[in-house]
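The values are calculated or read from the model by the stated rules, or taken from the named source; none is laboratory data. Just so it is clear, the structure is predicted and the values come from calculations on it, not from any experiment. Quick reminder, even Gly has a Cβ in these numbers, built from the backbone with ideal geometry, and neighbours come from all protein chains shown. Quick note on the areas: whole protein, heavy atoms, side chains included, nothing else; ligands and nucleic acids left out. Shrake-Rupley method; radii C 1.70, N 1.55, O 1.52, S 1.80 Å.
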Amino acid sequence: MDVTILSIETSCDETSAAIVKNGREVLSNMIYSQIDIHKKFGGVVPEVASRNHVEKISQVVDEAMEEAGVTFDDIDGIAVTYGPGLVGALLVGVSYAKGLSFSLNKPLVPVNHIEGHICANFIAHKDLEPPFISLVVSGGHTHIVHVKDYGEYEILGKTRDDAAGEAFDKVARSLGLGYPGGPLIDKLAKIGNEKAIDFPRVYLEKDSLDFSFSGIKSAVLNYLNQQKMRDLPIVNEDVAASFQKAVVEVITDKVIAAADKVGVTTIVLAGGVAANSGLRHEFESKLENRDIDFKYPPIVLCTDNAAMIGSAGYYEYINKRFADQTLNAISNLKLGEKYYVNQN
Ligand code: KG4
Ligand code: ZN
């Protein structure tokens, strides 16, 4: 029997709704981005994000239904991101989904946002099956995850300070590039010299699969200050290329080490930073002579969107992991932690 999920995502600055069939087929994926609103402030302002979600949610859901050509009768369940993310932003989606679930008498399916990012790959790669290693790199998260089965995760490594996307955003800001910084650094790096500046590669203890990005962020700031103090030129393209290279070298080494450690032969990328062209190239070149499958989603499925939540929601739905009206937003929800009330 087909399962059609209406999914809702409002964890940060995208208001998104999607219709996803059987976890892999996207009938619609409407994304209203607030980036232009937050740009003025140089980053996401939580209160402003919540207010804009409230204004847009209804319209975005209607558009998703219309685009997919479905009515509420066709929907089997309502999936919603309930964490991690900005609590006020999450609450808008959670409240809306609870309202729909109650009025339509359809199951409410709670979804972890990080799990959603990983599941974007099930949409992009129809033949992808666990086990695999997923690198989840976004504005808020940097995890190396062993996806053992659908919905079964082991975190092998994570950042001890800044997330990878946060480091990109902070470095971009110190270069005066604007928000969000990742795509802007990526663009400049393409025309810069990655060997121009020798920024530190932070590997932590031997065999550690954890990350630390605060050191490289400070190294970039120090470099910029020193150049200014000595009245020397700053070539933004070279700073961007050298910074990006230092980050992607460490990330790729650790992810490949993780795959070797657990003996899996598929690596998939997830999250906003998975859109980074330097990261993709570094993986491709390091894996050239290895028997490892390397995959990533198209950019629209890397950054926040509801289709990925609909995919993750499908696997929760078929396992009957539903929530009731007590579902709340959990801003610091961990991967693998699940809140549900019904399970057979
Ligand atoms: O997954 P996402 O849309 O939101 C979170 O859940 O955090 O990721 C947003 C992050 C931002 O930090 C943004 O700068 C980064 O992803 N990002 C990139 C690129 N595109 C987006 N970072 C590096 N290179 C890119 N091309
Ligand atoms: Zn995200």
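Observations
- Shape summary: segment 125-240 maps onto an equivalent ellipsoid whose semi-axes, from the alpha-carbon gyration tensor, are 32, 16, 12 Å in decreasing order.
- Sorted peptide list for 27-34, 167-174, criterion being average Cβ within 10 angstrom, highest first: 167-174, 27-34
- The phi torsions of segment 129-137, fed into the Karplus equation with coefficients 6.51, -1.76 and 1.60 and a -60° offset, translate into couplings of 9, x, x, 7, 9, 10, 9, 9, 10 Hz, rounded to whole numbers, with Gly and Pro shown as x.
- Karplus-based coupling profile of segment 332-341, in residue order and whole Hz: 10, 4, 8, 5, x, 7, 10, 10, 7, 10, with θ = phi - 60° in 6.51 cos²θ - 1.76 cosθ + 1.60 and x standing for Gly or Pro.
- Rounded to the nearest 20, the Cβ-based charge dipole of the chain about its Cα centre (Lys and Arg +1, Asp and Glu -1) stands at 800 debye.
- Summarising the overall dimensions of the chain from its C-alpha atoms, the Rg and Dmax are 20.3, 69 angstrom.
- Highest-first arrangement of 152-159, 295-302, where packing means the average Cβ count within 10 Å: 295-302, 152-159
- Counting only residues at least eight positions apart within a chain, or on another chain, the aspartates and glutamates with an alpha carbon under 20 Å from that of Lys39 are Asp13, Glu14, Glu47, Glu55, Glu166, Asp169, Asp186, Asp304.
- Put a plus charge on the Cβ of each Lys and Arg, a minus charge on the Cβ of each Asp and Glu, and nothing anywhere else: the dipole of segment 130-298 about its Cα centre is then about 400 debye.
- Per residue, in Å², the accessible surface of the chain once ligands and nucleic acids are set aside, probe 1.4 Å: 43
- Table column - 3J(HN,Hα) (Hz), segment 202-212, Karplus curve with 6.51, -1.76, 1.60, x for Gly and Pro: 9, 9, 6, 5, 4, 6, 5, 9, 7, 10, 9
- Over 18 Å between alpha carbons, listed pairs Lys217/Lys245; Lys206/Lys261; Lys126/Lys286: Lys126/Lys286
- Protection proxy ranking for 127-135, 328-336, using the average of other Cβ atoms within 10 Å per residue and placing the highest first: 127-135, 328-336.
- On Cα atoms only, tilt of 277-286 relative to the major axis of the chain in degrees: 80
- For segment 21-76, the share of accessible area belonging to carbon and sulfur comes to 48 percent (1.4 Å probe, ligands and nucleic acids excluded).
- Amide H contacts for Thr266 (H built 1.01 Å from N in the peptide plane; partners 5 or more residues away or on another chain; cut-off under 5 Å): Ile133, Asp293.
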